[in-house]
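Quick notes on the structure that follows.
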Amino acid sequence: MQYNMLDIIREKDEKNLRSYLKESGKIEVLSESAQFLDKRSYLTIDTKGDIKRKKGNFALPVFSFLKTEDDYVGVLLNSCDIKERQNLDKIERYSNLDIEKVKLNYIKTLFNGNLEFSKRYGKELFLRDRETFFKISSNFALIGDDNIKPLMVLSLKELIKEYNENIFYIFISYMTKSRDNTAFYENAESYLGSVEELRSELFLNKELLESLEGLQILTSLALIDVVEVDNREKILGKLKAMIESKKLYTPLKDIEKRVLNVFL
């Protein structure tokens, strides 16, 4: 049967979405949903100077770490937005460039928020040297705070065994469009202790642990455990400072709590 994701999302058609998942599998369904999962901007400002940050959606983490059809159906019907629909064009490559130039330009364009170039440099690096792609993506994800970039790196690493352009786009788009506050990282002192010591410190603060901020810290620690990042001691120092100074906690939605439980 031929399925149309636009119709499924517009009509909140749970029955056909479940059939699509059963027939085609979660990778194809997530790929076809990618056009509705992006946001034009994660940070907006009005004429008064008021700033609004949008949270990243949890579709990629849910498809990566949760296991049930109910999880997939729920997150897509709640996260896909027809008004934010994007036309996902083919991502061109930089196959003629030296690999060192690709690596440097990838992290520079991520940091500068340049989606058009970061997706091209990112694709080139992913296809040439996947291990280095995840290392550089991790180095970048871990310098910021108040975002789920470390969780997104873990999610892509878990889910994608072969390159999928639309799912890759979801990842790169969030990494570039969600603007970072790097104050904690810039002012951090190196911490020479272990990941487990910081996990134990985080677990002592139950209110923080069970918040969005706690999920961000916990998944950062998980990422450091699986990827040999540069500036490890400085990043750990940043996370220690966050654990000790965060006082405002954002409640988790039910699906976010389920993702948190994966990392406990």
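Read-outs throughout are calculated quantities, based only on the coordinates presented, and are distinct from any laboratory measurement. Here the structure is a predicted model, which means the values were calculated and not measured. Positions of Cβ are backbone-derived with ideal geometry, glycine not excepted, and every protein chain shown enters the neighbour counts.
Numbers at a glance
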| item | result |
| --- | --- |
| Amide H partners (placed H, <5 Å) of SER211, local residues excluded | none |
| Filter on LYS119/LYS161; LYS234/LYS257; LYS52/LYS246; LYS15/LYS67 - keep pairs with C-alpha separation over 22 Å | LYS234/LYS257 |
| Relative contact order (%) - criterion: Cα under 8 Å, at least six apart; region: the chain | 20 |
| Tensor-based shape of the stretch 1-138 (alpha-carbon gyration tensor, a/c under 1.5 rounded, otherwise prolate or oblate) | oblate |
| Whole-Hz ³J(HN,Hα) from phi, Karplus 6.51 cos²θ - 1.76 cosθ + 1.60, for the stretch 56-62, glycine and proline x | x, 7, 9, 4, 5, x, 5 |
| Whether the stretch 63-195 is rounded, prolate or oblate, judged on the alpha carbon gyration tensor where a/c under 1.5 counts as rounded | oblate |
| Sequence-distant residues sharing a close amide H with ASN181 (under 5 Å, placed H) | ASP145 |
| Qualifying trypsin sites (Lys or Arg not before Pro) in the stretch 76-137, DSSP loop, other Cβ atoms within 10 Å at most 11 | LYS90 |
| Three-way shape call for the stretch 183-263 based on the alpha-carbon gyration tensor, with the a/c threshold at 1.5 | prolate |
| Where trypsin sites (Lys or Arg not before Pro) fall in DSSP loop in the stretch 169-264, at most 10 other Cβ within 10 Å | LYS247 |
| Stokes-Einstein diffusion coefficient of the chain, Kirkwood radius over Cα pairs, 37 °C, 0.692 mPa s, in µm²/s | 171 |
| Rel. contact order, % - alpha carbon contacts under 8 angstrom, at least six apart, the stretch 183-263 | 47 |
| Mean ellipticity per residue at 222 nm, deg cm²/dmol - from DSSP H runs of n ≥ 4 across the chain, formula -39500 (n - 2.57) | -18500 deg cm²/dmol |
| Subset of LYS83/LYS206; LYS83/LYS238; LYS55/LYS238 violating a 26 Å alpha-carbon distance limit | LYS83/LYS206; LYS83/LYS238 |
